[in-house]
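This report concerns only the one structure given below.
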Amino acid sequence: MPLSSLPPCAVAGINEAGTDEAGRGCLAGPVVAAAVILPAGFSHPLLNDSKQLTEARREKLRPIIEAEAVAWAIGIVDNEEIDRINILNASILAMHRALDLLSVKPGAVIVDGNRFKPWSDIPYTTYVKGDGRFGNIAAASILAKTERDRIMMKAAEKYPGYGWEANKGYPTAAHREAIARLGTTPLHRLSFRLLPEPSLFD
């Protein structure tokens, strides 16, 4: 359901930042998060959870969000750091980095999902499927997704053969087959199961 009929944030009257990440389940590349503070009363008929939007609609919304937001920022944690601290911690760290870069300090933070760690001295609330409930989280999900897609499109040029221009590093059959055939790249997450376990009947 489009978010145009919903408030841009969970708590009115404060600069509340919504934050979300993209790329948590990928086999390669970074996890990317965004934080967005939307102005009171902001709405757009297409605004929704990034997973419910086409790539074209996400790209259409990105410059609108960037232009209309009170503040926005992106945080990135690369694959080597993911391997060192695990993907959950990396996802939260990426959100913290995005919040650190906001030009306006928020009065509260709302987070997509059910796991987070305190950031600064600011109160936070987690919301399962928050990207489908609040405009600022939806906006963050769009910025995170489009930024990560752009990163993986560039990476596909440097490391051809893995289909990143299409699968963006997610564990598709074609991506796993390419890993089996070509081996790993410096962008693969070595702490992840990159190949399926062999069947006892193989």
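The values are calculated or read from the model by the stated rules, or taken from the named source; none is laboratory data. Everything numeric here is computed off the predicted structure, so don't read it as measured data. Every residue, glycine among them, receives a Cβ derived from its backbone with ideal geometry; neighbour counts consider all protein chains shown. All accessible areas refer to the heavy atoms of the entire protein, side chains included, with ligands and DNA or RNA removed. Shrake-Rupley method; radii C 1.70, N 1.55, O 1.52, S 1.80 Å.
Some points to look at:
- The Kirkwood radius of the chain, taken over pairs of alpha-carbon atoms, gives through the Stokes-Einstein law at 10 °C and 1.306 mPa s a diffusion coefficient of 92 µm² s⁻¹.
- The amide H of D78, built 1.01 Å from its N in the peptide plane, has no neighbour under 5 Å, considering only residues 5 or more places off or on other chains.
- Candidates I87, I14, I37, ranked by Gaussian network fluctuation over the chain, Cα under 10 Å, top entry: I14
- Cross-link pairs exceeding 24 Å between alpha carbons, from the set K51/K158; K51/K168; K60/K105; K117/K154; K105/K168: K51/K158; K60/K105; K117/K154; K105/K168.
- Principal-axis tilt of helix 87-100 within the chain, Cα atoms, nearest 10 degrees: 40
- P(r) for region 100-191, from all Cα pairs and a bin width of 5 Å, is 3, 12, 16, 17, 13, 12, 13, 9, 4, 1, 0 %, short bins first.
- Counting only protein heavy atoms and a 1.4 Å probe, region 101-194 has 50 square angstrom of accessible area per residue.
- Apportionment of accessible area to carbon and sulfur, the chain, percent (1.4 Å): 55
- When region 105-202 is described by a simple charge dipole with +1 on each Lys and Arg Cβ and -1 on each Asp and Glu Cβ, the residue from L143, P123, L194 located farthest towards its positive end is P123.
- 3J(HN,Hα) from dihedral phi, region 108-125, Karplus parametrisation 6.51/-1.76/1.60, rounded to Hz, x for glycine, proline: 7, 10, 10, 10, 6, x, 10, 10, 6, 10, x, 10, 6, 10, 9, x, 9, 9
- Ratio of the Cα radius of gyration of region 141-202 to 2.2 N^0.38 Å, where N counts its residues: 1.22
- Computed from backbone phi with θ = phi - 60° and the Karplus coefficients 6.51, -1.76 and 1.60, the 3J(HN,Hα) list for region 134-146 is 10, x, 5, 6, 4, 4, 5, 5, 5, 5, 5, 5, 5 Hz; x is used for glycine and proline.
- Debye-sum result for region 4-122 in log10 I(q)/I(0), which assumes one identical scatterer on each alpha carbon, at q = 0.14 Å⁻¹: -0.60
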